[in-house]
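Only one structure is covered here, and it is reproduced in the block below.
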Amino acid sequence: MEMTEISNEKTGAVYKPSNPWQAVVLKNTRLTNQNSPDDVRHILINVRNSGMEILEGQSIGVIIPGTDESGKKHRVRIYSIASPREGESSNDIIALTVKRVFYRDEVTNELKKGLGSNYICDLKEGDNVQITGPIGRTFLLPEDNTTDIIMIALGTGIAPFRAFIQHMYHEKQTWQGQVLLFYGAKTGLESLYMNDENNDIGQYYTKDTFKAFKALSNTSERKLVQHKMRDNIDLIWNIMQKDKFSLYICGVKGVEENVAEVFQGIAMGQGLSWDNLFQKYKTEKRWHIEVY
Ligand SMILES: Cc1cc2nc3c(=O)[nH]c(=O)nc-3n(C[C@H](O)[C@H](O)[C@H](O)COP(=O)(O)OP(=O)(O)OC[C@H]3O[C@@H](n4cnc5c(N)ncnc54)[C@H](O)[C@@H]3O)c2cc1C
């Protein structure tokens, strides 16, 4: 698991694992259709009186109750905050997007439940949950609202971008720069915040500056996120040549490598070295990756 450019120590997080905040669960709803094998939850947590000030792109830690076989406390699990600084309807409330994880045990080949995600996905209204954070200083939106933004997400990687989009188009504010979202999911049933269960992001499709592209891998379309990006390569390159743009990649580890091929292709087509271009963007702090 990787936490790019994020460190609890560096952030001066308000609540640390040694000093967590006890929050209360307000709501836990399913974001994927009942017919989908994936159970992804939208979880609202009340952080009233915690004094937490959150920025879009930050995460929180969740303390998993109990200890392992050797009596050690469980590792804190990290989750992106899916709501903007303005909060989820109130700035006392933050949202998380959590996928219930299952995996095969390496030794026994038994199907096992991911400890943290199952604990969180089973939380009920009124339950207490201990949280840490906010965590993260780099996966953040620029202040200048004329900056062009490219967001690339897979699965629950959409969580910080829901926060970005809600902040960018909050009430009377409208982001002036061009905003592109490339999102990869298996089918429409797993298109988080862009499906029949919850269409929060779909509401922004009519904004002049916003364009969303869905890549559905398990449909007749059979597109992966990198394919959808290749289909729109001119739009992407047009933005990447500007002085002001920021690019963000979030989701399952490996997505950053898959989409790197698209950028290598773009660079090659322009007779440029992708390694040099990538270094330049990194140095200029325009390239942000958060994979796990
Ligand atoms: C910055 C950041 C942001 C994140 N944001 C989100 C988010 O918004 N939403 C979200 O759902 N997740 C997010 N995650 C991932 C999350 O933190 C957890 O890693 C995830 O929920 C799985 O945790 P778990 O406790 O359920 O699984 P664990 O019990 O920790 O298991 C995790 C994985 O370890 C492997 N594993 C563990 N034990 C064994 C074993 N005995 N044999 C074989 N394999 C094994 C399996 O691959 C398993 O899937 C984020 C992670 C980071 C670092």
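Here are some notes:
- Residues whose amide H comes within less than 5 Å of that of Ile93, counting only those at least five positions distant or on another chain, are Val47, Glu88 (H built at 1.01 Å from N in the peptide plane).
- Model label sites at Asn276 and Ser90, defined 7 Å from Cα along the beta-carbon direction, differ in position by 5.6 nm.
- Entry note, the chain: the mean residue ellipticity at 222 nm calculated from DSSP H runs of n ≥ 4, each adding -39500 (n - 2.57), is -6000 deg cm²/dmol after division by the residues and rounding to the nearest 500.
- Amide H to amide H, with H built 1.01 Å from N, Asp39 comes under 5 Å of Arg100, counting only residues 5 or more places away or on other chains.
- Full extension of the chain segment joining Lys27 with Asp234 gains 70.3 nm, where the gain is 0.36 nm per residue of separation less the Cα-Cα distance.
- Interatomic Cα distance distribution for the stretch 90-189, bins of 10 angstrom, percent: 11, 32, 33, 19, 5, 1
- Extent along the principal axes, Cα only, for the stretch 148-291: 44, 38, 24 Å, with the longest axis given first.
- Principal-axis analysis of the Cα atoms of the chain puts helix 159-168 at an angle of about 60° to the longest axis.
- Nearest-ten-degree value, helix 274-283 long axis tilted from longest Cα axis of the chain: 60 degrees
- Table column - 3J(HN,Hα) (Hz), the stretch 103-118, Karplus curve with 6.51, -1.76, 1.60, x for Gly and Pro: 8, 8, 5, 4, 8, 8, 6, 6, 7, 10, 8, x, 5, x, 5, 6
- Under a 5 Å amide H cut-off, with hydrogens placed 1.01 Å from N, Ile150 pairs with Leu180, Ser246, Leu247, Tyr248 among residues at least 5 apart or on other chains.
- Here Lys223 is the anchor, and the aspartates and glutamates within straight C-alpha reach of less than 16 Å, apart from those fewer than 8 places off in the same chain, are Glu190, Asp231, Glu261.
- Cα centroid separation, the stretch 141-191 to the stretch 39-95 (Å): 20 Å
- At a probe radius of 1.4 angstrom, the accessible area of the chain per residue rounds to 49 square angstrom.
- Computed over the chain, the quotient of the alpha carbon radius of gyration and 2.2 N^0.38 Å is 1.00.
- Area of Lys244 that stays accessible when all protein chains are in place (1.4 Å probe, Å², to 10): 90 Å²
- Its residue count N fixes a reference of 2.2 N^0.38 Å for the stretch 8-135, and the Cα radius of gyration divided by that reference is 1.09.
- Subtracting the Cα-Cα distance of Gln264 and Gln176 from their residue separation scaled by 0.36 nm leaves 28.9 nm.
- Pairs beyond 23 Å (Cα-Cα), from Lys253/Lys285; Lys73/Lys112; Lys16/Lys282: Lys16/Lys282
- The Cβ shell under 12 Å around Ile63 holds other residues with a net charge of +4, Lys and Arg each +1, Asp and Glu each -1.
- For Arg162, the shell of other residues with beta-carbons less than 12 Å away shows a net charge of -3, using +1 for Lys and Arg and -1 for Asp and Glu.
- Average projection, convex hull of the Cα set of the stretch 66-141: 7.3 square nanometres.
- Folded to 0 to 90 degrees: helix 255-269 orientation relative to the chain principal axis, Cα: 10 degrees
- HN-Hα J in Hz across the stretch 222-237 - Karplus 6.51, -1.76, 1.60, θ = phi - 60°, x for Gly and Pro: 6, 9, 9, 4, 5, 5, 5, 5, 4, 4, 10, 4, 5, 4, 5, 5
- For the chain, modelled as a GNM whose springs connect Cα atoms under 10 angstrom apart, the maximal fluctuation among Ala153, Ala185, Ala212 occurs at Ala212.
- Of all accessible heavy-atom area on the chain, the percent that carbon and sulfur account for (1.4 Å): 47 percent
The values are calculated or read from the model by the stated rules, or taken from the named source; none is laboratory data. None of these values were measured; they are calculated from a predicted model. Reconstructed Cβ throughout: ideal geometry from the backbone, glycine too, with neighbour counts over all protein chains shown. In case anyone asks, the SASA skips ligands and DNA or RNA and just uses the protein heavy atoms, side chains included. Shrake-Rupley method; radii C 1.70, N 1.55, O 1.52, S 1.80 Å.
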